[in-house]
Amino acid sequence: MKKNKNIAIVGGGGVTAVMTALACARKGISVDFFLDEMDYDEFKTSLGSHCLWRSVHEDNLRLSRFAAQSQWIWEKFILASSGEFGRKERMVRVVERAELNQLIKLYELYNLPYEVKNCGDDESIVLPPFLDCKNKFVFVSYDSILLNVAEIFSYFSDELAFFTSVNVFRNKNIGGLGSIEGGVIFVDEKKHLYDIVVKFTNDFKINEMNSFETVDVEAKTIFKDFYLSDTIGHLTQPIWISENEFNISLVPSVDGRVIRVGMDVHFPQSAEVLVRNLNIDAYLSRSKIDIMSSSIFSISSCGVSSEDARSVIPCWTVSDDNKKIVVVESVDSYYNASPAVAEEITTLLTLIIN
């Protein structure tokens, strides 16, 4: 590869973007890395400590292949740490028979271990009190890794500092695709010209809420974080609950001091429904866990250019103007495959430059 080629990597990509910048730098490419003005709250984006990597994505088999390629990197990374970056985890799914059969087929296809239990049979699995276990099954898998991507992002950002070919620009809102046509970026009224601009998109918008009554109709997912007075040693496994109207997830932070409850919103729902399913105070109290405080927020789409970008792999497009613009979409969906995605994008850049 010619080393005099300049590449700009433009914000919003989190750990995928920083790993792409590192992959380019290791190949001797000059990189300007722009981080936007977004508030990367460690509990509210893919830069959080509640990120659950899994090898099987039943709704996106192509993503499963990318995730599988990334698994050894994440495992090596967390084994080399003292536990602050993550840990291997079992995942509990409460499902109906149709979903159970699908999961069994997939896990046997990938030759991965799993267990099937009747709902309520295993006392070590504490389920929320509102859950109707009738005709439900518990599918337990051992293919997950709980990642503290906020710490991982910080680690890789520090590693970038060792490369003299990398310049990091923080709190720079470059703007949309229209502002980087022809590989030109204006920073503090100064013109920068690049051979290739890699634009990572944020396909989400975070909205803080005081109550469930203020949920925006555009919300895709609603979360409630519970900040705990002690670690949750006896509630370590993530739990996913599949229902006809909604899906609920309970995921602890890596340090065990926060538990996040999330709910997919598929249609307008009353505040009473949200309170019933996201307010798990009684569930935590039954587990003898003291809650210090809690916060509510929602995530909504803020303009992904392709209608179903989350289901597309590869998740990038290349412009026709001498291939100067590479757009990587729905980055937040692919954090668990970041190592493989970063390498694929770097390989793509190598082909374009050559």
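Expected output is a single nm value to one decimal: the length gained when fully extending between R87 and D59, i.e. 0.36 nm times separation in residues minus the C-alpha distance. What is it?
In short, 7.6 nm is gained.
Using a 7 Å offset from the Cα along the Cα-to-Cβ direction at both W72 and E213, what is the distance between the two label points in nm, to one decimal?
For the pair W72/E213, the computed spacing is 5.6 nm.
With θ taken as phi - 60° and the coefficients 6.51, -1.76 and 1.60, list the Karplus ³J(HN,Hα) couplings across the stretch 54-69 in order, rounded to whole Hz; mark glycine and proline as x.
With coefficients 6.51, -1.76 and 1.60, one gets 9, 7, 10, 10, 5, 9, 7, 5, 5, 5, 4, 5, 5, 4, 4, 5 Hz.
Fully extended, how many nm does the chain gain between L112 and A80 (0.36 nm per residue separation, minus their Cα-Cα distance)?
Result: 9.1 nm gained on full extension.
Enumerate the amide H contacts of I325 below 5 Å, restricted to partners 5 or more residues apart or on another chain; note that Pro and chain-start residues carry no placed amide H.
Amide H to amide H, under 5 Å and 5 or more residues apart or across chains, I325 pairs with V197, S319.
Mind listing the long-range amide H neighbours of K220? Cut-off is under 5 Å, sequence gap 5 or more, other chains count too, H placed in the peptide plane at 1.01 Å from N.
I299, S300, S301
Which length gain, in nm to one decimal place, applies between M292 and S165 when the Cα-Cα distance is subtracted from 0.36 nm times their residue separation?
Separation in residues times 0.36 nm, less the Cα-Cα distance, equals 41.2 nm.
No lab work stands behind these numbers, since they all come straight from the coordinates. This structure is a prediction, so every number in the text was calculated from the model and none was measured. Backbone-built Cβ (ideal geometry, glycine too); neighbour counts: all protein chains shown.
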